[in-house]
Amino acid sequence: MPTIILSAHPARRYERKSLTGTQIEYGQKVVPSVCIEARTVPEIAEQARAFGASVFTAAPRVSFLVSVQMARGERKPRGFDVADRAGQFHDADWIHTEIECPVRHVDGPGVRMWGSRLAPFQMDGQDPFWPAEEPDDFTSPADGSIGLYGYLRAVNARVQRRTDSWQSLFSIVHEVPLGDRYAARVHPFDVAAELLAGRLSPTSAAA
């Protein structure tokens, strides 16, 4: 059975005005590489995903790329290169994407990282928002998305600042889905303003 080497290298993706790229530190490894055996592309993809998940557990706040390479002398399974180019090996799932020059909001900082299901949300000049060790008010609405979790925390912080209170976002507004606002990259300050002005309801958010 063909042997494949899985490695995790520190990496980051960056966004500029007219350019998106990825920096990968191939000379460094987040954890030691592992060797797996697999005959087909789906088998490789599943084991690469499991490896990435184990790296994320060991180093949950590290941005990394999973590389999938055939061991010396091994033949690639049919469709290997096509699957690799298409990202079917989940190689980039755990990479954080940074906006190098975030556009500043009229009332404060812009967004440096929008995050994803496996990467955090970050306001420019601030630490990324990571899920708390214990479930909190934002855990369930985030539905497992680290990025959405941080986005909700950012909206909550803005609502608290605007209302000069320590109330949770969900004690002020109820059943308002914000996943669509997150997906559309609407700045947290603008979402907070909509909520406090009563312009965002379950119906309008889903529209």
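The values are calculated or read from the model by the stated rules, or taken from the named source; none is laboratory data. What you see is a predicted model; the values in this text were computed from it and never measured. Because the Cβ atoms are built from the backbone with ideal geometry, glycine has one as well, and the counts that use them run over all protein chains shown. Just so you know, the surface numbers come from the protein's heavy atoms only, side chains and all, with ligands and any DNA or RNA stripped out. Shrake-Rupley method; radii C 1.70, N 1.55, O 1.52, S 1.80 Å.
Data for the structure
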quantity: Test: residue in the stretch 45-57 that is out of contact with any Pro (no Cβ under 6 Å at 6 or more places or on another chain), open to solvent by less than 60 Å² (accessible area, probe 1.4 Å) and free of Cβ contacts under 8 Å to residues at least 40 places away in the same chain; calculated: yes
quantity: Residue within the stretch 132-142 that is at pLDDT 95 or above and either open to solvent by 60 Å² or more (accessible area, probe 1.4 Å) or in contact with a His (Cβ under 6 Å, 6 or more places away or on another chain) (or both) present; calculated: no
quantity: Residue satisfying all of: in the stretch 88-116; in a loop (DSSP other than H, G, I, E, B) and free of Cβ contacts under 8 Å to residues at least 40 places away in the same chain; surrounded by the fewest Cβ atoms within 10 Å (Cβ to Cβ) among these; calculated: VAL106
quantity: Residues of the stretch 45-60 that turn out to be part of a loop (DSSP other than H, G, I, E, B) and either under 13 Å from ASP91 (Cα atoms) or at pLDDT 95 or above (or both), as a count; calculated: 1
quantity: Residue that is least open to solvent (accessible area, probe 1.4 Å) [pool: residues in the stretch 1-44 that are outside any loop (DSSP other than H, G, I, E, B) and touching a His at 6+ places or on another chain (Cβ under 9 Å)]; calculated: ALA11
quantity: All positions within the stretch 139-155 that are without any contact (Cβ under 8 Å) to a residue 24 or more places away in the chain and farther than 24 Å from VAL55 by Cβ; calculated: SER140
quantity: Whichever residue in the stretch 63-87 is in contact (Cβ under 8 Å) with a residue 40 or more places away in the chain and in contact with a helix residue (DSSP H, G or I) (Cβ under 7 Å, 6 or more places away or on another chain) and, among such residues, is surrounded by the most Cβ atoms within 10 Å (Cβ to Cβ); calculated: PHE64
